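K.L.:
This structure is in structure tokens; I'll ask about it shortly.
Please treat every number below as a calculation from the coordinates, not as lab data. Because the structure is predicted, anything quoted here is derived from the model rather than measured. Cβ placement follows ideal geometry from the backbone for every residue including glycine, while neighbour counts extend to all protein chains displayed.
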Amino acid sequence: MNTLTFTILRLLADGKFHSGEDIARQLKVSRATVWNALQDAEKLGVEIFSVRGRGYKLPQAVTLLDEQSVLNAIGEHKAWFKLEIHDHLASTNSDMMKKLNAGQAHASCVAANLQTNGRGRRGRSWQAGLGASLTFSLLWRFQCGASALSGLSLAVGVALIRALHSFGISQTELKWPNDVLIVTSNQAPEKLAGILIELQGDMEGPSAAVIGIGINLNLPKKLKQQIDQPATDLNSVTPQIINPNELLGVLLKHLAEVLSHFEQQGFTSLRDEWTKYHAYHQQPVKMIHPDGRETFGTVTGVAEDGILLINTPLGEQRFSSGEISLRGTN
Ligand code: ATP
């Protein structure tokens, strides 16, 4: 990306018009250079209004990530984390997986103001945009082997729920194994956040997890239309303005607490809390299998290792993460 692009986007972050001439003067470049840099931003999906006689502006003001503000929001445990903030990354998980292979430290976090090629599970994509979402990945190293981490994505869901509650956002529920939904009485659940966990290491240990999280802050209509399931954002569910730096800091704090707990005691001690927030606990559900086949059953619960238990016409079946996609029946 053009090195000036984010410098200019920082000037535009106030959501006001800035003339090309003013920007060019401030940065000591030509107006054509400003135009080129903003063309690059548009190629990455950033929407910029350009009005003759007034200049350039973003659709609305955005708060960009700032390392010190995130560390302040983590509070007393900020020294645990190694934080890296990027203007633009294709995928925070891909970046962290590369770092993991190069020996990156435990509790490292990369966050991106703009993620342009976010990944979901099984080749699916995660839509994000500048100011539209918080996207980050946390590297956590475990002494235990990867085989003991089967409940990890559920544990991460508990950390997200705790963090969102601390901002007064309580209409949140979890969908096995790893989505955060907003459930309101008269409409279908909408996805607020997703989790993508990638594991590395021996079955016997040690192992490492790259925990990728995307939370929607303020999804523009165009971005929302690219998502093939009901989705929502924090801006639609709370009248508060959530500062992404505070949100990231508070999430990291809760993630560290939950992950330390998980490492010592496994998912068992978090299971009741997780179940309390499961959107489909003891509800009829549709299971979508990797070959597209759909079967039906009723959720009976989750086991101590995070396995989903479903009562089906064939008796109780057990599913581990990745074996099915769960959906409500209405
Ligand atoms: P599963 O139930 O198997 O987890 P999923 O459809 O939720 O299925 P994930 O891999 O967890 O799959 O997440 C990727 C999916 O999330 C995409 O295919 C899309 O449907 C949806 N999605 C993509 N971007 C967003 C977003 N910003 N907000 C909400 N949902 C999104």
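K.L.:
Which order results if 51, 29, 46 are arranged by neighbouring Cβ count within 10 Å, fewest first?
P.N.:
By the 10 Å Cβ count, ascending, the order reads 51, 29, 46.
K.L.:
By how many degrees, between 0 and 90 and to the nearest 10, does the Cα long axis of helix 152-166 differ from the longest principal axis of the chain?
P.N.:
Once rounded, the angle reads 60 degrees.
K.L.:
Next question, about the same structure. For the pair residue 39 and residue 203, what calculated FRET efficiency results from E = 1/(1 + (r/R0)^6), where r is the Cβ-Cβ distance and R0 = 35 Å, to the nearest 0.05?
P.N.:
0.10
K.L.:
Using θ = phi - 60° and the Karplus curve 6.51 cos²θ - 1.76 cosθ + 1.60, what whole-Hz ³J(HN,Hα) does each residue of the range 177-183 get, with Gly and Pro shown as x?
P.N.:
With coefficients 6.51, -1.76 and 1.60, one gets x, 7, 9, 9, 10, 9, 10 Hz.
K.L.:
No solvent, one uniform scatterer per C-alpha: report log10 I(q)/I(0) for the chain via the Debye equation at q = 0.06, 0.10, 0.15 1/Å, two decimals.
P.N.:
-0.23, -0.61, -1.25
K.L.:
Shifting gears a bit: Under 17 Å from the 7 Å Cα→Cβ point of residue 329, by amide nitrogen: which residues of the range 178-218?
P.N.:
Only 189 fall inside the zone, counting backbone N under 17 Å.
K.L.:
Show me the ranking of peptides 149-156, 252-259 by mean Cβ neighbours inside 10 Å, starting with the highest.
P.N.:
Put in order of decreasing packing, that is 149-156, 252-259.
K.L.:
How large is ³J(HN,Hα), in whole Hz, for each residue of the range 218-229 in order, when computed from phi with the Karplus curve 6.51 cos²θ - 1.76 cosθ + 1.60 and θ = phi - 60°, using x for Gly and Pro?
P.N.:
Going residue by residue, I get 7, 7, x, 3, 4, 5, 4, 5, 7, 9, 8, 8 Hz, with x marking Gly and Pro.
K.L.:
I would also like to ask the following. Stick to Cα atoms and the Kirkwood definition of Rh, then tell me Rg/Rh for the range 5-57.
P.N.:
0.91
K.L.:
Moving on to the next point. Give me, ordered by chain and number, the residues 5 or more places off residue 112 or on other chains with an amide H under 5 Å from its own placed amide H.
P.N.:
Answer set, sorted by chain and number: 86, 135.
K.L.:
Let me ask something additional. Taking 1 over the mean of 1/r across every pair of different Cα atoms in the range 205-330, what Kirkwood radius in Å do you get?
P.N.:
17.5 Å
K.L.:
Sorting 10, 52 on the 10 Å Cβ count, fewest up front, what's the list?
P.N.:
Details: 10 13, 52 5.
Ranked by crowding around the Cβ, least crowded first: 52, 10.
K.L.:
Please find the FRET efficiency linking residue 309 to residue 66, where r is the Cβ-Cβ separation and R0 is fixed at 56 Å, and quote it to the nearest 0.05.
P.N.:
Here the calculated transfer efficiency is 0.80.
K.L.:
OK, next. In whole Hz, with x marking every Gly and Pro, tabulate ³J(HN,Hα) for the range 289-296 from phi via Karplus 6.51 cos²θ - 1.76 cosθ + 1.60, θ = phi - 60°.
P.N.:
Each residue's phi maps through the Karplus curve to give 8, x, 8, x, 4, 10, 10, 10 Hz.
K.L.:
Modelled label-to-label distance, residue 1 and residue 295, 7 Å Cα→beta-carbon offset: nm?
P.N.:
Calculated label separation equals 4.5 nm.
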